Amino acid sequence: MGILYYYIFLVLGFLISWIYIQDRLEIKEKLLIVGCGQLGFKIGNALSKNFDVTGIKRKNITDGVQFKIFELDIFSERFIQTIQSINPHYIVYATAADNQSEESYQNAYVNGLSISIKAAMACCNIKHFFFISSTRVYGQKSDENLSEFTLPIPSDFGGIALLEGETILRNSTVPSTILRLSGIYGNNRRSMLKLATTPELWPENNRWTNRIHEDDAVRFLSFLLDSRNGETSLEPLYLLTDNSPATVYEVLNWIRSKLNFPEHPINAKGGLVGKKLISKIIPELNFYFKYSDYQKGYTSIINEH
């Protein structure tokens, strides 16, 4: 009987060791991030635990990166060849326009995106393509809540370029999802905090503002990738906003109160302008925002700094 137990424990020990080794040798799926600015950087670092992450950045590779980055321009002759050599399972297109010009927006969201889609189509591993777009596509001013099911009507060159890029991706053969992000903020995006302390720079017209904390944006993308790995089909479009639209003056005065500044009187010219954005899809998912409104988000930032 003692010998039997000895062999049982020996076999169990072997099985445990084998499972541990297999787990350590598990091959991760490849995730490529095209555009490693602040958001792409955070996405890459957050997902590098579960994916073999590679980034492509045109210049100025950031310190503190926990994944591989190629310093390469999208318009380089080597770009498509490099993507093919990486052969990713997933691509996140997260570039940003260099400046507020029509040419810059066309390059970032139409021309560069088109090249990246072409590169994705040449990869035999590709499973899904994610495009980080913007709610700037909604150019209309309305008292109604705008959602994923609202036809966007761009009102400027930026919105037009973004919507053109979305359309190109939708019409491609690559399985894809568009993430329209509203006003991104976070620990290193503190423009509203600075503006709150300088009321002489406040806009003359009060308007609606919609926010998304960059950490929640990263968490939602991770949630979608987990869903995709679970064979759950993804929607072609998600409106990524905290579903708590507020007015700019409301947000600025609330921040002032948290910074121990007196409330600034409202002297708005004209009526309330802008748009209110509400996702009708995300609330139906098993996903919850860490920062469900601007108050929770900015409280975290203020406490951090």
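Read-outs: derived from the displayed coordinates by stated rules, not from any lab. Nothing here was measured: the structure is a model prediction, and the numbers come from that model. When we count neighbours, we look across all protein chains shown, and the Cβ atoms used for this are built from the backbone with ideal geometry, even at glycine.
Relative to the longest principal axis of the Cα atoms of the chain, helix 112-121 runs at roughly 20 degrees.
As an exercise, take the mean of 1/r over every pair of distinct alpha carbons in the range 219-280, invert it, and state the Kirkwood radius in angstroms.
On the way: mean 1/r = 0.0657 Å⁻¹.
Value: 15.2 Å, from the Cα pair sum.
Normalised by 2.2 N^0.38 Å, where N is the number of residues, the C-alpha radius of gyration of the range 39-150 stands at 1.19.
For the range 59-116, the alpha-carbon coordinates run over 32, 26, 20 Å along the three principal axes, in decreasing order. Counting every other Cβ atom within 10 Å of each residue's Cβ, V251, V34 order from fewest to most as V251, V34.
Please report, in debye to the nearest 20, how large the charge dipole of the chain is about its Cα centre when each Lys and Arg carries +1 at its beta carbon and each Asp and Glu carries -1 there.
Computed about the Cα centre, the dipole is about 300 debye.
Note on F75 and L151: their simple-model spin labels are 3.4 nm apart, each label 7 Å out from Cα toward Cβ.
Sorted fewest first by neighbouring Cβ atoms within 10 angstrom, F149, F287 come out as F149, F287.
Given R₀ = 22 Å, what would the calculated FRET efficiency be for I168 paired with S101, taking r from the Cβ atoms and rounding to 0.05? Provide the component values of the computation, followed by the final result.
Values: r = 20 Å, r/R0 = 0.91.
It comes out at approximately 0.65.
Among L201, L224, L193, L252, sorting on how many other beta-carbon atoms sit within 10 Å of each Cβ, with the fewest leading, yields L201, L193, L224, L252. DSSP beta bridges fully contained in the chain are about 10 percent antiparallel.
Look at the dipole of the range 144-199 built from charges on Cβ: of L163, P175, N188, the Cα furthest out on the positive end belongs to N188.
Note on the range 102-198: Cα-Cα pairs beyond 17 Å make up 59% of the total pair count.
Mind pulling the per residue volume of the convex hull built on the Cα atoms of the range 200-303? Å³ is fine.
Details: hull volume 11.2 nm³, N = 104.
Roughly 108 Å³ of hull volume per residue.
Rounded to the nearest 20 debye, the dipole size of the range 52-152 about its Cα centre is 300 debye, using +1 on the Cβ of Lys and Arg and -1 on the Cβ of Asp and Glu.
Please state, as a whole number in µm²/s, the translational diffusion coefficient that the Stokes-Einstein equation yields for the chain at 25 °C and 0.890 mPa s, with Rh defined as the Kirkwood radius across alpha carbon pairs. This corresponds to a translational diffusion coefficient of 115 µm²/s. Here is the tail figure for the range 131-249: Cα pairs spaced more than 24 Å apart come to 35 percent of all pairs. Working from Cα positions, state the angle (0 to 90°, nearest 10) between the long axis of helix 294-304 and the longest principal axis of the chain. Around 70 degrees separate the two axes. Taking the longest Cα principal axis of the chain as reference, the axis of helix 214-229 is set at about 40 degrees.
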